[in-house]
1. Does GLY201 count as surrounded by fewer than 19 Cβ atoms within 10 Å (Cβ to Cβ), over 19 Å from the mean Cα position of the chain (by Cα), touching a residue at least 24 places away in the same chain (Cβ under 8 Å) and under 26 Å from GLU100 (Cβ atoms)?
2. How many residues are open to solvent by 20 Å² or more (accessible area, probe 1.4 Å) and not polar (S, T, N, Q) when one looks only at the stretch 173-186?
3. From the set of residues in the stretch 277-293 that are of a type outside the set (A, V, I, L, M, F, W, C) and under 25 Å from GLY166 (Cβ atoms), which is farthest from the chain's Cα centre (by Cα)?
4. With the requirement that a residue be buried (at least 17 other Cβ atoms within 10 Å of the Cβ), farther than 19 Å from THR224 by Cα and among the hydrophobic types (A, V, I, L, M, F, W, C), what does the stretch 247-258 give you?
5. Select from the stretch 132-147 the residues that are in a loop (DSSP other than H, G, I, E, B) and open to solvent by 10 Å² or more (accessible area, probe 1.4 Å) and list them in ascending order.
6. When you go through GLN123, GLN156 one by one, which is the residue that is polar (S, T, N, Q), modelled with pLDDT of 95 or more and open to solvent by 50 Å² or more (accessible area, probe 1.4 Å)?
7. For THR325, only one of the following conditions fails: (1) β-branched (Val, Ile, Thr); (2) within 21 Å of ARG43 (Cα to Cα); (3) touching a Gly at 6+ places or on another chain (Cβ under 8 Å). What is its number?
8. Open to solvent by 50 Å² or more (accessible area, probe 1.4 Å) and among the basic types (Lys, Arg) - does that describe any residue in the stretch 272-292?
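The values are calculated or read from the model by the stated rules, or taken from the named source; none is laboratory data. Just so you know, these numbers come straight off a predicted model, no measurement behind them. Virtual Cβ from ideal backbone geometry, glycine too; neighbours counted across all protein chains shown. These area figures cover heavy atoms from the full protein model, side chains too; ligands, DNA and RNA do not enter into them. Shrake-Rupley method; radii C 1.70, N 1.55, O 1.52, S 1.80 Å.
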Amino acid sequence: MKTLKDECSIPERMLAAYLTDPMHIELQEKPVPQIRDDEVLIRVESVGVCGSDVHYYEHGRIGRYVVERPLILGHECAGTVVRVGDGVHHLRVGDRVAVEPGVTCGRCPACKSGRYNLCPDVQFLATPPVDGAFAQYLAHRADFVYRIPDDMSFEQAALVEPFSVGLHALNRVRLQAGERVAIMGMGPVGLMCVIAAKMKGASEIVVGDVEPRRLDVALQMGATHAVHVGTQDVGEVVQDLFGGEGVDVGVETAGNPAALTSLFAIVRRGGRMALVGMPPIAENTINVTQFVDDEIEMCGVFRYANTYPAGISLLRRIDTSSLITDAYPLSKVGEALERARTNKAGSIKVMVYPQR
């Protein structure tokens, strides 16, 4: 009779895709990771390409995080548990799982207050010096691994990571059923904000982007109004729609200073704003007079906390097939990153399948 500690057939070595220099990915063979008592070993089935992966690939750094040695990218991942540490009791071999990529200390004030995304000692997959999930197997602390239902695909489970960003953003601005929301930037996180806003009961969801295809997908995902910001003025559109009342909540996901400025023009007095996107420069100019006079609440959004169980439960109900536009095997991670980097008009979510 098999027990919780029984293992699947696991090779001694595996393949992993390393970023060795900017714009260069090398497939290498390495030992399959050993696990600690509080970890599980996961056979990685699907990994989404994130904008941060592309940024590391192109520039070798993001802010203070610098790639100083070969690094495995990829953090939006899901797979199958194939080995269980002696101290793990909520998971067993064969479980299909989603992986929350940030492992925190659990002891600092941020962790103890429930805002563990702000833990100063977080070990986040694919953030130097921590290797990520563009590999056939991944060892991960079990309390950041979540069982997924049988009717949820591995692709959907990988999307729980960017969906968590959307959930956390809307939790931060306290979006209520019946409120109007505007979301600027229809990359994967922006689209996930659309899904989250719809599921939270937003009455009107206005979205803005420069790519018509992304606006079309946003409408499929639940947006009520799409604004092509290259040819339309979002302020004029919102004025026409709501007669000058504005929206209750604004969310900026593009990291674009112009997008942030446009939100100030459409958020109502007493409204709330969430800043998700990382701009190319650290400083940005805002209209402080309007900010004060209108008593606008503005909050930053850094990753997420306490979102995965809800994210799994909610996202399983959504047809996300239109979000996944490209599929690559592990041997072509470099091509996957190039596709995500250079084809923003045609690609939305590029997915890598390490077992192919």
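1. Details: surrounded by fewer than 19 Cβ atoms within 10 Å (Cβ to Cβ): yes; over 19 Å from the mean Cα position of the chain (by Cα): yes; touching a residue at least 24 places away in the same chain (Cβ under 8 Å): yes; under 26 Å from GLU100 (Cβ atoms): yes.
When the stated conditions are applied, GLY201 passes them.
2. In the first step, residues of the stretch 173-186 are kept if they are open to solvent by 20 Å² or more (accessible area, probe 1.4 Å); the result is 174, 176-180.
Imposing the further condition that a residue be not polar (S, T, N, Q) reduces the set to 174, 177-180.
Looking only at that region, the number is 5.
3. Selected residue: ASN284.
4. ALA254
5. Initially, the stretch 132-147 is screened for residues in a loop (DSSP other than H, G, I, E, B), giving 132-134, 136.
GLN136, the sole residue that qualifies.
6. Working: GLN156 fails: open to solvent by 50 Å² or more (accessible area, probe 1.4 Å).
Selected residue: GLN123, the only one of GLN123, GLN156 that is polar (S, T, N, Q), modelled with pLDDT of 95 or more and open to solvent by 50 Å² or more (accessible area, probe 1.4 Å).
7. THR325 satisfies all of (1) β-branched (Val, Ile, Thr); (2) within 21 Å of ARG43 (Cα to Cα); (3) touching a Gly at 6+ places or on another chain (Cβ under 8 Å) except (2).
8. Of all residues in the stretch 272-292, those open to solvent by 50 Å² or more (accessible area, probe 1.4 Å) come to 275, 278-289, 291-292.
From the residues that got through so far, the ones that are among the basic types (Lys, Arg) too are none.
Within the stretch 272-292, not a single residue is open to solvent by 50 Å² or more (accessible area, probe 1.4 Å) and among the basic types (Lys, Arg).
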